[in-house]
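Read through the structure below, which is laid out as structure tokens, and then see the notes.
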Amino acid sequence: MASVNFLLRSAVKKNDPFTARLQFSNPSKITDSNKFGLDFVEVKTRIFVFNPEEVKEMPLVDGQRFWKEFKKYKGSDINIKNRIERINSEQNKFRSFILDRFEAAYPEGCDSLPSKEWLSSVAKEYYDDIIRAEARKKNLEKPNELIWHFDNYIKVKGLELKPRTILKLQDTKKIVAGFEEFQSSIKGYSFQVLIPDVDELLKYDLVSYLQNNMHYSKNTIAKTIKIIRTICNYSKRYGIELSPMYEEFRMAYDDKDVVYLSFEELQTIKNADLPDELDNARKWLYISSFLGQRISDFMRFEKTMIRRDGTAYFIDFVQAKTNKKMALLLHPEVVKILKENDMNFPAAIDEPAYNDQIRKVCELSGLTEKVKGSILTEIDKGVWRNVEGVYPKYKLISSHIGRKSYCTNFYGKIPTALILEVSGHSEERTLLEYIGKKDASRSEMIKNYYQNIDITKD
């Protein structure tokens, strides 16, 4: 008959956990001094007199002394009684589990005997079950409200997120809160979006609200839905089950008319007769179209960041958005402009002023043809939205035009992997979306490559 006892050894640390000893009969151990052939294996438990958190707060406590003095306590001190009861309860549960597993694995008449490895694996199984049960209990206590999970995501992932990403999450949370308030006014009771209710039906109501009440464009709505999906997908880590119709809660983006400056237009801008006060902005606009960087990066460039290697010039920097270290080879057109000013970059301009100035540069350079695009417009007092329409091209120019022009102009002319390296896009799909290209455009690229291959030569 097997038994389980618990030991606190004085030779070890005073606040170590109990050791569980599984004792059983082993015929090979029968001797004159051990007539019943008693044998045992031991394993450390996670049963403490004072748990590690308590020891941190009270470093002078002594679990061994406490157990020796109070394990058979009959007094009335409620704190001592509760601690002894808790220890006995944990020991009894562990003992029952071990003995149940022992009887199942080593029934009477079985030739094999338990080993230390077997006991360790059973103890691990026991504590793994406890951890899973505690996790399930915590999951049941986690709120289902979408708003709560926005806050939780920002809190948990905060150190990994860029400030602009956090801002987008907070803006989307405000959109959800506005939607809940609107639905509450319609339904006559407090309405909250619960994650298990995020499905096709919710999408219908949300899209209707964002289109008709908030006057959002389809792509803004699609982006909002995408961010909500990010939060819902993360909530699964807390054991929250998504709706069977959750996969219908998605929305495709509309193809956008991408505005960029062609090489020909860039030459027109470079050679245009402009007022001196616009020359600084003109130079930034021109060289940014050969740098492929965001304004948060290129407007920080200065001479001290330039490194020469033979005939090539590089600029070393860390991309603000991606935190990626860059050693960017400067295009000859950039070097040509810099050499006109002793390799100094143009003077930095703050983004709002830069946007105004480059629009004026493009207007005076003759970029006045009508093209499709969207302009941020005040549609109501204090309410601004991107309004799609047909506008003079110069009105659609803003600080991102340099990076967009670089990616569009060089796509298909140099390997896509090199464009990704320069622009900082994570994958080709996002690059294609950025420049408004479809995967079908690859066929055109392949055709161009085929036409330039001479199959009569190796």
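I'd like the full set of residues that are part of a helix (DSSP H, G or I), touching a residue at least 40 places away in the same chain (Cβ under 8 Å) and over 14 Å from L431 (Cα atoms), limited to region 384-415.
K393, L396, I401, G402, listed by residue number.
Would you mind finding the one in K74, K93, K81 that is exposed (fewer than 12 other Cβ atoms within 10 Å of the Cβ), farther than 30 Å from S28 by Cα and either assigned by TED's automatic domain parsing to the domain that holds D128 or modelled with pLDDT under 95 (or both)? Please lay out each step first, then the result.
Numbers: K93 fails: exposed (fewer than 12 other Cβ atoms within 10 Å of the Cβ); K81 fails: exposed (fewer than 12 other Cβ atoms within 10 Å of the Cβ).
Just one listed residue meets the conditions, K74.
Output yes when any residue across region 251-258 is assigned to a loop (DSSP other than H, G, I, E, B) and touching a strand residue (DSSP E or B) at 6+ places or on another chain (Cβ under 7 Å), and no when none is. Steps first, answer last, please.
Of the residues in region 251-258, the ones assigned to a loop (DSSP other than H, G, I, E, B) are 251-258.
Those still in the list that are touching a strand residue (DSSP E or B) at 6+ places or on another chain (Cβ under 7 Å) too: 257.
Yes: one or more hits.
Can you find a residue that is at pLDDT below 95, under 22 Å from the mean Cα position of the chain (by Cα) and not aromatic (F, W, Y) anywhere in region 224-236?
Yes, region 224-236 contains a residue that is at pLDDT below 95, under 22 Å from the mean Cα position of the chain (by Cα) and not aromatic (F, W, Y).
Looking at region 31-44, which of its residues are out of contact with any Ser or Thr (no Cβ under 8 Å at 6 or more places or on another chain) and surrounded by 14 or more Cβ atoms within 10 Å (Cβ to Cβ)? Steps first, please.
Taking region 31-44 first, the residues out of contact with any Ser or Thr (no Cβ under 8 Å at 6 or more places or on another chain) are 31-35, 40.
The answer is F40, and nothing else.
Every residue, every condition in (1) closer than 27 Å to F317 by Cβ; (2) modelled with pLDDT of 80 or more; (3) surrounded by 17 or more Cβ atoms within 10 Å (Cβ to Cβ); (4) among the small types (G, A, S), yes or no:
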residue	(1), (2), (3), (4)
E363	no, yes, no, no
K370	no, yes, no, no
L376	no, yes, no, no
P392	no, yes, no, no
G402	yes, yes, yes, yes
L418	yes, yes, no, no
V422	yes, yes, yes, no
K438	no, no, no, no
S443	no, no, no, yes
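Take the residues in region 141-194 that are among the aromatic types (F, W, Y) and touching a residue at least 24 places away in the same chain (Cβ under 8 Å), then tell me which one is farthest from S235 (Cα to Cα). I'd like the intermediate steps shown before the answer.
Here is the first cut: in region 141-194, the ones among the aromatic types (F, W, Y) are 148, 150, 153, 179, 182, 189, 191.
Imposing the further condition that a residue be touching a residue at least 24 places away in the same chain (Cβ under 8 Å) reduces the set to 150, 153, 179, 182.
On the way: F150: 9, Y153: 8, F179: 20, F182: 25 Å.
Among residues in region 141-194 that are among the aromatic types (F, W, Y) and touching a residue at least 24 places away in the same chain (Cβ under 8 Å), the one farthest from S235 (Cα to Cα) is F182.
Based on this model, can you work out whether Y234 counts as surrounded by 15 or more Cβ atoms within 10 Å (Cβ to Cβ), in contact (Cβ under 8 Å) with a residue 24 or more places away in the chain and farther than 17 Å from D151 by Cα?
Values: surrounded by 15 or more Cβ atoms within 10 Å (Cβ to Cβ): yes; in contact (Cβ under 8 Å) with a residue 24 or more places away in the chain: yes; farther than 17 Å from D151 by Cα: no.
Against the criterion (surrounded by 15 or more Cβ atoms within 10 Å (Cβ to Cβ), in contact (Cβ under 8 Å) with a residue 24 or more places away in the chain and farther than 17 Å from D151 by Cα), Y234 does not qualify.
Could you check, for region 10-28, whether at least one of its residues is surrounded by fewer than 11 Cβ atoms within 10 Å (Cβ to Cβ), of a type in the set (D, E) and either modelled with pLDDT under 95 or outside any helix (DSSP H, G or I) (or both)?
no
Within region 224-243, identify whether any single residue is farther than 27 Å from E160 by Cβ and either in a loop (DSSP other than H, G, I, E, B) or not assigned by TED's automatic domain parsing to the domain that holds L167 (or both), and answer yes or no.
Yes: one or more hits.
Of the residues K56, K93, which is without any contact (Cβ under 8 Å) to a residue 12 or more places away in the chain, assigned to a helix (DSSP H, G or I), among the basic types (K, R) and within 19 Å of A123 (Cβ to Cβ)? I'd like the intermediate steps shown before the answer.
Working: K56 fails: within 19 Å of A123 (Cβ to Cβ).
Exactly one of K56, K93 is without any contact (Cβ under 8 Å) to a residue 12 or more places away in the chain, assigned to a helix (DSSP H, G or I), among the basic types (K, R) and within 19 Å of A123 (Cβ to Cβ), namely K93.
List pairs: first in region 262-288 and under 13 Å from I337 (Cβ atoms), second loosely packed, with under 13 Cβ neighbours inside 10 Å, Cβ under 8 Å, 6+ apart or cross-chain?
N280/A347
Looking for something modelled with pLDDT of 95 or more, under 30 Å from S217 (Cα atoms) and among the acidic types (D, E) - is there at least one such residue anywhere in region 268-275?
no
For region 21-77, give me each residue that is among the basic types (K, R) and closer than 27 Å to S115 by Cα.
Pass one, region 21-77, residues among the basic types (K, R): 21, 29, 35, 44, 46, 56, 65, 68, 71-72, 74.
The answer is R21, K29, K35, K44, R46.
P352 fails exactly one of the following numbered conditions: (1) out of contact with any strand residue (DSSP E or B) (no Cβ under 9 Å at 6 or more places or on another chain); (2) part of a loop (DSSP other than H, G, I, E, B); (3) surrounded by fewer than 19 Cβ atoms within 10 Å (Cβ to Cβ); (4) not hydroxyl-bearing (S, T, Y). What is the number of that condition?
(2)
The values are calculated or read from the model by the stated rules, or taken from the named source; none is laboratory data. What you are looking at is a predicted structure, and each value in this text was computed from that prediction instead of being measured. With ideal geometry, Cβ positions are generated from the backbone for all residues, glycine too; neighbour counts draw on all protein chains shown.
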